[in-house]
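**Student:** The structure under discussion is supplied below as structure tokens; questions concerning it will follow.
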Amino acid sequence: MRTLIEAIDHRVLLTDGSLTRQLRGAQPDVARDLYGVEDCLELLNLTRAPLVRESHRAYLRAGADVIRTNSLQAGPLTLARWGLAEQAFYLNYAAAELACEAVDSVPGRGRRRFVLGVVRDEGWDAAPKDIEEAVAVQVEGLLAGGADGIAIDMVPGTGRAPAFLRGAGRAKRKLKALAPIFLQRGHQGAEFSDRALDVADGLIRFRHGGAEKGGAEKGGESRTGRRDWLKAALEDEVNLIGGGDSPAATAKLDRALRAVADDGWRPFTRWNRPQVVDEVTPPSSSLHLDPAMAEVA
């Protein structure tokens with residue numbers, strides 16, 4: 001599967017885990033690294049690029065299929081709170097570029113990994129045209145930086161999806177990009193409208209793997225607990241699972257996903273399960289954990 005849209009439609013993929021925990025754990029200097037803005041870790045894309053890149057690499061070595069960009073608060077409307085709106089394009093470009101560099105530097109051993117540019121609805125008090133413009137700037141930066149796809153992370157039913165999709169579409173057309181634009185929602189709750197789904201290129205049904213979200217880590221440290229949680233998640237028709245709170249948690253989820261898969265790689269999505277499973281040959285990387293993570297899995 002050579003494209004993100006094909007992979008996420010056919011398999012339940014594993015993302016990286018909490019990037020915030022990794023970056024906070026490095027104790028960045030607020031004045032020097034964050035321009036005095038303690039809550040904007042996205043600034044580290046510019047000031048501490050090696051730290052962000054290595055954080056991505058740790059999750060790749062742990063078995064993540066998808067790396068999400070460090071861009072949750074990198075939209076112009078959010079950055080405007082700190083007087084940083086003009087930095088939006090550069091922060092998002094750097095976020096995607098660093099994630100791509102990490103993917104390129106960690107051998108996949110037969111498996112392709114992907115960079116997913118993340119745009120999150122922060123509930124801005126702004127007109128639809130202003131939201132559209134802000135999203136266009138952010139998505140343009142992420143696509144120009146090399147993201148394989150864009151995830152618009154938002155709650156369905158708010159009426160804001162059209163503005164997000166128009167902005168993302170503008171950026172995609174401007175760059176003549178082929179990367180898909182996904183709507184992303186949790187595994188439960190309201191659904192997006194048919195009209196919104198028709199405009200988007202695909203839908204991500206995401207389920208957190210971290211303990212704080214009631215994920216796999218809540219099931220205990222046993223392999224049986226993780227497998228039971230994953231089987232329940234698969235029943236909810238998810239196609240993307242978060243990697244937990246740390247690379248060690250991601251490594252355990254990687255093994256648990258392979259354990260419940262029919263072919264030792266990743267479970268098939270419920271809507272695209274092949275009739276003859278044993279004809280599918282998993283890549284070699286699915287059968288052997290990266291040696292750098294062997295001690296934590």
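The values are calculated or read from the model by the stated rules, or taken from the named source; none is laboratory data. What you are looking at is a predicted structure, and each value in this text was computed from that prediction instead of being measured. Neighbour counts are summed over all protein chains in view; Cβ atoms, including those assigned to glycine, are modelled from backbone coordinates with ideal geometry.
**Student:** Which of (1) under 29 Å from ASP263 (Cα atoms); (2) touching a residue at least 60 places away in the same chain (Cβ under 8 Å) does ILE67 not meet, given it meets every other one?
**Tutor:** Only one criterion is unmet by ILE67, namely (2).
**Student:** A follow-up question, please. Pull out all pairs, ordered by first then second residue, where Cβ-Cβ is under 6 Å, the residues are six or more apart or on different chains, the first lies in the stretch 107-131 and is under 21 Å from ALA163 (Cβ atoms), and the second is of a type in the set (Val, Ile, Thr) and assigned to a loop (DSSP other than H, G, I, E, B).
**Tutor:** Sorted first by the residue in the stretch 107-131, then by its partner, the pairs are GLY117/THR69; VAL118/THR69.
**Student:** Scanning for something among the polar types (S, T, N, Q), crowded, with 20+ Cβ neighbours inside 10 Å and either within 14 Å of the chain's Cα centre (by Cα) or in a helix (DSSP H, G or I) (or both), does the stretch 105-120 turn up at least one residue? So that I can check it myself, show each step before the final result.
**Tutor:** Initial filter on the stretch 105-120 (among the polar types (S, T, N, Q)): 105.
Adding the requirement that they be crowded, with 20+ Cβ neighbours inside 10 Å leaves none.
No, every residue in the stretch 105-120 fails to be among the polar types (S, T, N, Q), crowded, with 20+ Cβ neighbours inside 10 Å and either within 14 Å of the chain's Cα centre (by Cα) or in a helix (DSSP H, G or I) (or both).
**Student:** Could you list, in sequence order, the residues of the stretch 10-45 that are without any contact (Cβ under 8 Å) to a residue 60 or more places away in the chain, within 23 Å of ARG205 (Cα to Cα) and not aliphatic (A, V, I, L, M)?
**Tutor:** THR20
**Student:** Any chance you could count how many residues in the stretch 121-167 are among the basic types (Lys, Arg) and either in contact with a Cys (Cβ under 9 Å, 6 or more places away or on another chain) or part of a loop (DSSP other than H, G, I, E, B) (or both)? Even if it seems obvious, please write down each step before you answer.
**Tutor:** Taking the stretch 121-167 and keeping what is among the basic types (Lys, Arg), we get 129, 160, 166.
Filter once more, so that each one left must be either in contact with a Cys (Cβ under 9 Å, 6 or more places away or on another chain) or part of a loop (DSSP other than H, G, I, E, B) (or both): 160.
Qualifying residue count, the stretch 121-167: 1.
**Student:** With the condition kept exactly as written, say whether any residue in the stretch 55-72 is surrounded by fewer than 18 Cβ atoms within 10 Å (Cβ to Cβ) and at pLDDT 95 or above. Walk me through it before giving the result.
**Tutor:** Of all residues in the stretch 55-72, those surrounded by fewer than 18 Cβ atoms within 10 Å (Cβ to Cβ) come to none.
No.
**Student:** Looking at this structure, is ALA88 within 25 Å of LEU178 (Cα to Cα), out of contact with any Lys or Arg (no Cβ under 6 Å at 6 or more places or on another chain) and touching a residue at least 24 places away in the same chain (Cβ under 8 Å)? Can you show your working first?
**Tutor:** On the way: within 25 Å of LEU178 (Cα to Cα): yes; out of contact with any Lys or Arg (no Cβ under 6 Å at 6 or more places or on another chain): yes; touching a residue at least 24 places away in the same chain (Cβ under 8 Å): yes.
Taking the combined requirement at face value, the residue satisfies it.
**Student:** Still on this structure, please answer the following. Suppose we filter ALA200, ALA216 for residues that are crowded, with 20+ Cβ neighbours inside 10 Å, at pLDDT 95 or above and of a type outside the set (Phe, Trp, Tyr); which single one remains? Please lay out each step first, then the result.
**Tutor:** Values: ALA216 fails: at pLDDT 95 or above.
Step by step, each of ALA200, ALA216 is checked, and only ALA200 is crowded, with 20+ Cβ neighbours inside 10 Å, at pLDDT 95 or above and of a type outside the set (Phe, Trp, Tyr).
**Student:** Suppose we keep only residues that are in contact with a helix residue (DSSP H, G or I) (Cβ under 9 Å, 6 or more places away or on another chain), charged (D, E, K, R) and more than 20 Å from ILE204 (Cα to Cα) within the stretch 154-178. Which one would you say is surrounded by the most Cβ atoms within 10 Å (Cβ to Cβ)?
**Tutor:** The qualifying residue surrounded by the most Cβ atoms within 10 Å (Cβ to Cβ) is ARG170.
**Student:** Further question: For ARG48, all conditions in the list (1) buried (at least 20 other Cβ atoms within 10 Å of the Cβ); (2) closer than 24 Å to PHE206 by Cβ hold save one; what is the number of the exception?
**Tutor:** Tallying (1) buried (at least 20 other Cβ atoms within 10 Å of the Cβ); (2) closer than 24 Å to PHE206 by Cβ, ARG48 fails exactly one: (2).
**Student:** Which of the residues belonging to the stretch 56-101 are at positive phi and more than 19 Å from the chain's Cα centre (by Cα)?
**Tutor:** Initial filter on the stretch 56-101 (at positive phi): 63, 83.
Listed by number, the list holds a single entry, GLY83.
**Student:** I'd like the full set of residues that are basic (Lys, Arg) and out of contact with any strand residue (DSSP E or B) (no Cβ under 8 Å at 6 or more places or on another chain), limited to the stretch 1-55.
**Tutor:** Taking the stretch 1-55 and keeping what is basic (Lys, Arg), we get 2, 11, 21, 24, 32, 48, 53.
Residues satisfying the conditions are ARG2, ARG21, ARG24, ARG32, ARG48, ARG53.
**Student:** Could you list, in sequence order, all residues of the stretch 74-104 that are of a type in the set (Phe, Trp, Tyr), closer than 19 Å to PRO50 by Cα and either modelled with pLDDT under 95 or touching a helix residue (DSSP H, G or I) at 6+ places or on another chain (Cβ under 6 Å) (or both)?
**Tutor:** Here is the first cut: in the stretch 74-104, the ones of a type in the set (Phe, Trp, Tyr) are 82, 89-90, 93.
So of that shortlist, the ones also closer than 19 Å to PRO50 by Cα come out as 90, 93.
Within the stretch 74-104, just TYR93 meets the criteria.
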